[in-house]
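This report refers to the structure that appears directly beneath it.
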Amino acid sequence: MAINLELAGANAKKQHGGCGCGCSDGAPELALSAIPKAMRSGAVIGGLTSLRSGQQVVLVADHSPAPLLSALNRVAPESFDIETLEEGPLTWRVEVTRR
């Protein structure tokens with residue numbers, strides 16, 4: 001079964017200079033709700049741990065991503081810088097950068 005992971009900001013091509021990646025200040029945004037809940041944690045952690053040093057992504061969620069970020073820290077301690085860009089109540093945006 002193929003899964004289509006939509007980037008947040010579907011109109012990014014019009015908004016951010018034509019790259020179409022959904023970027024915000026250079027970092028692509030991943031809407032966590034686009035990933036089936038049963039696979040979400042493993043898929044996101046696997047993707048984040050495959051980033052190269054200096055690469056970043058903004059995770060966008062409709063609830064606090066604290067449990068996901070805690071699990072990431074258990075799998076790869078001290079490997080990421082985390083910056084909260086927006087903290088609810090409707091949307092959480094967290095920038096994750098690989099050290």
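The values are calculated or read from the model by the stated rules, or taken from the named source; none is laboratory data. Not measured: the values here are computed from a predicted model.
Things worth noting here:
- Residues of region 51-81 that turn out to be assigned to a strand (DSSP E or B) and not charged (D, E, K, R), as a count: 7
- On inspection, residue 97 passes the criterion of being polar (S, T, N, Q), under 11 Å from the mean Cα position of the chain (by Cα), modelled with pLDDT of 95 or more and in a strand (DSSP E or B).
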